[in-house]
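First up is the structure itself, then whatever we jot down about it.
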Amino acid sequence: MTGFPRTATWTTLTCLALLAAGHAAGADWLQWGGPAGDYTVPSAPLAENWPPGGPKRLWERTLGPGYSSILAKGDTLVTMYRAGNDEVVVALGAATGTTRWAHRDQPVLWEEMTREFGVGPNATPLIIGDRVVAIGISGRMRCLDLESGRLLWQRDLPADFGRRKRVEEYGYSGSPIAFDGAVIALVGGDQAAVVAFDPKNGSTRWKSRPGGVSYAPPSIVRLAGEDQYVYFEPEGVAALDPRTGALLWTAPIEFNNGNHLTPVVQCDEHHLWVGSQFQTGGGRLLEITRQAERWSARQLWFAAAMQTSHWPLIRVGEFIYGSIGGNSRSQLTAFRWKTGEVVWKRPGYHKAQALWADGKLLFLDESGQLVLGKATPGGFEPLAQARITEPISWSLPTLVGSTLYVRDQARIMALDLGSQPPGK
């Protein structure tokens, strides 16, 4: 499968030069959430207006269903998709979209697994050094050579650590992340909830206490002077020491099914905003403190109307921006994280998969509409918007320099969001 530039007025050489320039101005995207894991992306200047039909397509090609985001290291992209009964980890050339290698695995789906939203893959891989670590929907963890796609090692997470059944079962969805040279992964088993692996050979570095896990992506944050691995259990949010797996604190959340989907938002060195969904969902601010060796997580405020689902929200200063609402209806919203005060709402954008880049909010909503705008405490000013993919678009976009990589359930593409050449 080979992608072809769709812009007839540009030569292939010009496209490659623009793509290279966009990469040079940006940071590699090695794991879920971007270079820093907080959806805030260093970028080249982004054009504040687009040609009719949307930003220039540098290339576009077929891919396949799945919700994995797209990683980027140098001139290589990595993602996952489904092809028939196979789950495929694929490396593409960033300049053209051409396949460099593809590694296939055939997962065995559990009888209780819900097929309503497809059968994955759900998780985003991790690039660590010269390796790619990917977790499939049935819990098989594969480590592949980044250059060749050769299988280096693999682990079967449910076989090795047990599997706790969930009220709603969508398969493994937690994206692995890196800390201090280790790969940390959500497992949700009778032997361990979270496990750290050595990327060299897949051996276990540490195991946390046993427990279930929910579907929200985990985060590495620094709270009260300590790095912490924060993740969701069905019963609430928990934090581990990412060096040892020791439990630091938990904060219970009332739930009807334990299906938490929203990444936490670090507000400052002592505060986390936590969102959840459905009837018992809402938004809350936690204050994280430590006295001697004792940690505590105290809820400062709760707002039932601040329900969230499978999308990130972004803190900029004293405000948080992102979609607020349920799966059927959400609105772009800004609120003060210290108090929960909503300062504005903007309808028309549902389930925004958002990034913060070049001082602007950039997001792809569920309908496939790409939007660039200025988000401030005073309101939201859309600068440019265009529908670029088919519904449903639930994968977080990837921005490297001024080149944006996006996918839906059938295709993947590269877009130039930089300043357009005169007359183009």
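Just so it is clear, none of the values below were taken in a lab; they were calculated from the coordinates. Keep in mind that what you see is a predicted model, and the values were worked out from it rather than measured. Neighbour counts run over all protein chains shown; Cβ positions are idealised from the backbone, glycine included.
Observations on the model:
- Given [x] -0.55; [y] -0.41; [z] -0.50, the label whose value is log10 I(q)/I(0) by the Debye sum over Cα atoms at q = 0.08 Å⁻¹ derived from this model: [y]
- The C-alpha atoms of segment 312-419 occupy a region whose extents along the principal axes are 41, 33, 19 Å, arranged from largest to smallest.
- Charged side chains reduced to their Cβ positions (Lys and Arg at +1, Asp and Glu at -1) give the chain a dipole of some 440 debye around its Cα centre.
- Sum of -39500 (n - 2.57) over DSSP H runs of 4+, divided by residues of the chain (222 nm, nearest 500): -1000 deg cm²/dmol
- Of Pro217, Pro377, Pro51, the one that fluctuates the most in a GNM where the chain has Cα springs shorter than 10 Å: Pro51
- Shape annotation for segment 61-203: C-alpha extents along the principal axes are 43, 36, 19 Å, from largest to smallest.
- Anchor Lys207: lysines whose Cα lies under 20 Å away (excluding residues fewer than 8 positions away in-chain): Lys165
- Debye, to nearest 20: dipole size of segment 164-317, +1 on Lys, Arg Cβ, -1 on Asp, Glu Cβ: 140 debye
- Gaussian network model of the chain, springs between alpha carbon atoms under 10 Å - residue of Ala292, Ala224, Ala27 with greatest fluctuation: Ala292
- Rounded to 5, the percent of DSSP beta bridges in the chain classed as antiparallel: 100 percent
- Summing charges over all other residues whose Cβ lies under 12 Å from the Cβ of Gln31, with Lys and Arg as +1 and Asp and Glu as -1, gives -1.
- In the elastic network of the chain, a GNM with C-alpha springs shorter than 10 Å, the most mobile of Gly120, Gly225, Gly401 is Gly225.
- A straight Cα-to-Cα reach below 28 Å connects Lys338 with the lysines Lys351, Lys360, Lys374, residues fewer than 8 places away in its own chain not being considered.
- Trypsin sites (Lys or Arg not before Pro) within segment 90-196, DSSP loop, no more than 14 other Cβ atoms inside 10 Å: Arg115, Arg150, Lys165
- Partners of Lys345 within straight-line reach, counting aspartates and glutamates whose Cα lies under 19 Å from its Cα and excluding those fewer than 8 residues away in the same chain: Glu318, Asp365, Glu366, Glu381.
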